[in-house]
């Protein structure tokens, strides 16, 4: 198996996005329909802020649960495609639902292992930032140091995102096996990350930065739409269209990252284990 080029990555991305666009649109609607209905009702009845916050709290819970299942399903789409399994949409969704608690456990483990301490460190440094403001700059240093810390935190987040690029594929390839453990997942991840380390890192970085740029560019108007709910300044129809389209394009960019990283994952597997693909029947047995 030849080392994937940027052309190979973008060809696979284009192919998968073309195949999945319709289903992706339906899944975005499934996750977001309560919020879209709320936006329309709010434009008609003009809920006060307290009522809006209460409703949005329950909508958020629904969106987090369905969004988590959908995140797992997107990975299943790509893994099953390269496994040669022609899953129907209801089948991939069912598998993702049955993996809800194992994937939730892994998400919490990733959070505590890689993200909690840097976040606590950043927040705990705020009193130091405030106490060491330079009054000759009229307090501007209060903003400089927190922003610098936030920038460092963002760079760290990007690095960890790339470091963890294979973890979910490894999870699907090992789930249900007799030797399955989260410790082994991280061991395999570290081994695979060492394969053609610099080139794979650069390719994953390029795709992640491109996809993140598009996603953040789209999420800015989405943030404006959500803010407008509390300002009561824009029409419901415009909010619905903008919110849905922002969510859809954001999911397209996230799926693009999954595809590119999976192509790199197959190459790393082939170099390390002499097999680019492993079919874990334990995943597909969840359909029974």
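The values are calculated or read from the model by the stated rules, or taken from the named source; none is laboratory data. Since we're looking at a predicted model, the values are computed, not measured. Backbone-built Cβ (ideal geometry, glycine too); neighbour counts: all protein chains shown.
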Query raised in the report: Which one is nearest to residue 239 (Cα to Cα) among residues in the stretch 16-52 that are free of Cβ contacts under 8 Å to residues at least 40 places away in the same chain and outside any helix (DSSP H, G or I)?
Result: 47
Query raised in the report: If you take just the helices (runs of 4 or more DSSP H) that sit entirely in the stretch 80-132, which of them hold at least 2 residues that are in contact (Cβ under 8 Å) with a residue 24 or more places away in the chain and within 18 Å of residue 172 (Cβ to Cβ)?
Result: 89-98, 100-110
Query raised in the report: Does residue 285 fit the bill of being more than 22 Å from residue 29 (Cβ to Cβ), at pLDDT below 90, part of a helix (DSSP H, G or I) and more than 14 Å from the chain's Cα centre (by Cα)?
Result: no
Query raised in the report: Which residues, counting only those in the stretch 85-99, are surrounded by 19 or more Cβ atoms within 10 Å (Cβ to Cβ) and under 11 Å from residue 283 (Cα atoms)?
Result: 92, 95, 96, 99
Query raised in the report: Name the residues in the stretch 159-179 that are surrounded by 16 or more Cβ atoms within 10 Å (Cβ to Cβ) and part of a loop (DSSP other than H, G, I, E, B), would you?
Result: 164, 165, 166, 175
Report task. Write out, first by first residue and then by second, each pair whose Cβ atoms fall under 8 Å of each other, whose residues are 6+ apart or on separate chains, and whose first residue, in the stretch 169-193, is without any contact (Cβ under 8 Å) to a residue 12 or more places away in the chain while the second is assigned to a helix (DSSP H, G or I). Result -> 180/174; 184/174
Query raised in the report: Are there any pairs with C-beta distances below 7 angstrom linking a residue in the stretch 62-77 that is closer than 15 Å to residue 106 by Cβ to a residue that is not in a helix (DSSP H, G or I), with the two at least 6 apart or on different chains, and if so which?
Result: 72/99
